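Asks: I have a structure I would like to understand better, so I am pasting it below and will then ask my questions one at a time.
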Amino acid sequence: MEEQLEALRRLIAQNKHIVFFGGAGVSTESGISDFRSEDGLYRQHYDVPPEVLLSHSYFIKHPKAFFHFYRDKMLVLDAQPNCAHLALAKLESKRKLSAVVTQNIDGLHQKAGSSTVYELHGSIWRNYCMNCGRFYPVKAIIDSTDIPYCSCGGIIKPDVVLYEEALDEQVVRAAVDAIRKADLLIIGGTSLAVYPAAGLIRYYQGEQLVMINRSPTPADSEATLLINSSIGEVFKNISEE
């Protein structure tokens, strides 16, 4: 393990345009449940499967049930950044890290201090009226009972990408541009099973690819450096004192 950590330190030292692509595994160490792990939402028992509860069609047909689940399981507002979030923010402050591309919606990268963050699946911290477009803070969701409504009468929808919805084109273009220009791509905490987000890594044109994940991924065979370990532990060990 120490040999792998030293190799990662060297790669970070040698490159100036690093991009980090991360998934749910980056946030599980902050106490936020993922979907596919042993303790994830997909393994829990609900009358309606989570992937249906979090779909666009279910939101439209059953907004009251959607918001009950969303408030209960998706709004983890007191979570704090872990070693991975903090280390990435530190790399950005040193102008080593160009961008974070994340599949997470928790805002922990920004809370840690990162400023260039492309949130492929949106953010729980932003919400908007489906009728007039007015934006609301997350407090509007928390303080409402059942369905949150705008002053104009429209439903306030979380600015997150639900199943059956497309990714934001502007965010995708910016993320692709960052990945394409990177000289080192670090992928961590993701099974690379969620598309189309996972497909963005194919735009990487560099020669050095680092994979950090507890379990195997489809990109492991392409990795210059493969570390099967906790991403928080890896970044904790490579960070400078």
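Asks: Looking at the stretch 141-158 only, could you name the residues that are without any contact (Cβ under 8 Å) to a residue 60 or more places away in the chain and either open to solvent by 20 Å² or more (accessible area, probe 1.4 Å) or among the polar types (S, T, N, Q) (or both)?
Replies: 143, 145, 149, 151, 152, 153
Asks: May I ask you to verify whether residue 233 is assigned to a loop (DSSP other than H, G, I, E, B) and at negative phi?
Replies: No: the conditions fail for residue 233.
Asks: State all residues of the stretch 164-173 that are exposed (fewer than 14 other Cβ atoms within 10 Å of the Cβ) and not in a loop (DSSP other than H, G, I, E, B); if no residue qualifies, say none.
Replies: Scanning the stretch 164-173 gives 169, 170, 173.
Asks: Could you give me the residue pairs with C-beta distances under 9 Å whose first residue belongs to the stretch 212-241 and is hydrophobic (A, V, I, L, M, F, W, C), whose second residue is open to solvent by 30 Å² or more (accessible area, probe 1.4 Å) and assigned to a loop (DSSP other than H, G, I, E, B) wherever it lies, and which are 6+ apart or on separate chains?
Replies: Cβ pairs passing all conditions: 212/228; 225/208; 227/1; 231/29; 231/214; 234/1.
Asks: Same structure again: Would you mind stating whether residue 196 is modelled with pLDDT under 95, under 17 Å from the mean Cα position of the chain (by Cα) and open to solvent by 40 Å² or more (accessible area, probe 1.4 Å)?
Replies: So residue 196 fits the description; yes.
Asks: Looking at the stretch 194-222, which of its residues are assigned to a loop (DSSP other than H, G, I, E, B), of a type outside the set (S, T, N, Q) and touching a strand residue (DSSP E or B) at 6+ places or on another chain (Cβ under 8 Å)?
Replies: 204, 206, 219
Asks: Shifting gears a bit: Mind listing whichever residues of the stretch 72-86 are open to solvent by 10 Å² or more (accessible area, probe 1.4 Å), in a helix (DSSP H, G or I) and in contact (Cβ under 8 Å) with a residue 12 or more places away in the chain?
Replies: 73, 74, 83, 86
Asks: For residues that are free of Cβ contacts under 8 Å to residues at least 60 places away in the same chain and aliphatic (A, V, I, L, M), scanning just the stretch 53-68, find the one that is surrounded by the most Cβ atoms within 10 Å (Cβ to Cβ).
Replies: For the stretch 53-68, the residue satisfying everything is 53.
Asks: Could you tell me whether residue 21 is open to solvent by less than 70 Å² (accessible area, probe 1.4 Å), modelled with pLDDT of 95 or more, aromatic (Phe, Trp, Tyr) and more than 25 Å from residue 139 (Cα to Cα)?
Replies: yes
Asks: Could you please give the count of residues in the stretch 199-220 that are within 17 Å of the chain's Cα centre (by Cα) and either under 20 Å from residue 29 (Cα atoms) or basic (Lys, Arg) (or both)?
Replies: Selection size over the stretch 199-220: 5.
Asks: Select, from 161, 138, 176, 210, the only residue that is within 19 Å of residue 56 (Cβ to Cβ) and surrounded by 16 or more Cβ atoms within 10 Å (Cβ to Cβ).
Replies: 161
Asks: State which residue is farthest from residue 218 (Cα to Cα) when the search covers only the stretch 179-193 and only residues that are open to solvent by 30 Å² or more (accessible area, probe 1.4 Å) and in a loop (DSSP other than H, G, I, E, B).
Replies: Top of the filtered list is 183.
The values are calculated or read from the model by the stated rules, or taken from the named source; none is laboratory data. What you see is a predicted model; the values in this text were computed from it and never measured. Virtual Cβ from ideal backbone geometry, glycine too; neighbours counted across all protein chains shown. With ligands, DNA and RNA removed, areas are computed over all heavy atoms of the protein, side chains included. Shrake-Rupley method; radii C 1.70, N 1.55, O 1.52, S 1.80 Å.
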